[in-house]
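The values are calculated or read from the model by the stated rules, or taken from the named source; none is laboratory data. If you're wondering where the values come from, they're calculated on a predicted model, not measured in any experiment. Positions of Cβ are backbone-derived with ideal geometry, glycine not excepted, and every protein chain shown enters the neighbour counts. Side chains are part of the model used for accessible areas, which takes the heavy atoms of the whole protein and leaves out ligands, DNA and RNA. Shrake-Rupley method; radii C 1.70, N 1.55, O 1.52, S 1.80 Å.
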Amino acid sequence: MAGGEYVSVSTQKDTEEAAVARERELLEKNPDIARQSLYAAYVQNGECETSAQLMTNRAFLQNPLEALVAEKYGIEIEEFTNPWHAAISSFLAFAVGALFPMITIILLPASVRIWATVLIVALALLGTGYTSARLGKAPLKNAMIRNLVIGLLTMAVTYVVGQAFAI
């Protein structure tokens, strides 16, 4: 999982760097088109024409490249995603997340193992949804339900596939 996260985030970082390079080249080769592009992005993102013109003028006096990539791509220059941080976070999250079902399976008798694991995982999913919503200052109920439903569906698919290949 950590390797997949590293590859995924590396691709995202490459895309971000390429967008910055394109805008930098446009700015150097044709600043008028870059100015029009930024103005159009402001208008497209909901600014009125007057406000967009003022914001474009201000951006070109300060840091036009930063404004171009922020408005057009939502990227902050020099703050690209870090694939190593994502990989390490993923590794730790999966290792810690595996503890609850693993301990349940090891400690409980076979007759209740599956349903006890589902219950323990459901509680852990609710706790994770709650924690992420609190940290992100997002609505608790939506995050908890989404985490629970997606987690249980993923677990059910994994179980069904495992049963299909069981010998």
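In the range 52-63, the residues that are over 14 Å from residue 32 (Cα atoms) form Cβ pairs under 6 Å with partners that are open to solvent by less than 50 Å² (accessible area, probe 1.4 Å), at six or more places apart or across chains, as follows: 52/42; 55/42. Taken together, the criteria exclude residue 61 from residues that are at pLDDT 90 or above and in contact with a helix residue (DSSP H, G or I) (Cβ under 6 Å, 6 or more places away or on another chain).
Conditions tested, residue by residue: (1) of a type outside the set (Val, Ile, Thr); (2) more than 30 Å from residue 94 (Cα to Cα).
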| position | (1), (2) |
| --- | --- |
| 3 | yes, no |
| 6 | yes, no |
| 12 | yes, no |
| 24 | yes, yes |
| 33 | no, yes |
| 44 | yes, yes |
| 63 | yes, yes |
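Within the range 90-103, is there a residue that is more than 26 Å from the chain's Cα centre (by Cα) and at pLDDT 90 or above? So far as the range 90-103 goes, yes, one or more of its residues are more than 26 Å from the chain's Cα centre (by Cα) and at pLDDT 90 or above. Please work out if residue 131 is in a helix (DSSP H, G or I) and either in the same structural domain as residue 15 (by the TED database) or polar (S, T, N, Q) (or both). Against the criterion (in a helix (DSSP H, G or I) and either in the same structural domain as residue 15 (by the TED database) or polar (S, T, N, Q) (or both)), residue 131 qualifies. Among residues of the range 96-122 that are within 18 Å of residue 152 (Cβ to Cβ) and free of Cβ contacts under 8 Å to residues at least 40 places away in the same chain, those with a Cβ under 6 angstrom from a residue that is surrounded by fewer than 16 Cβ atoms within 10 Å (Cβ to Cβ) and among the charged types (D, E, K, R), sequence gap 6+ or separate chain, pair up as 105/113.
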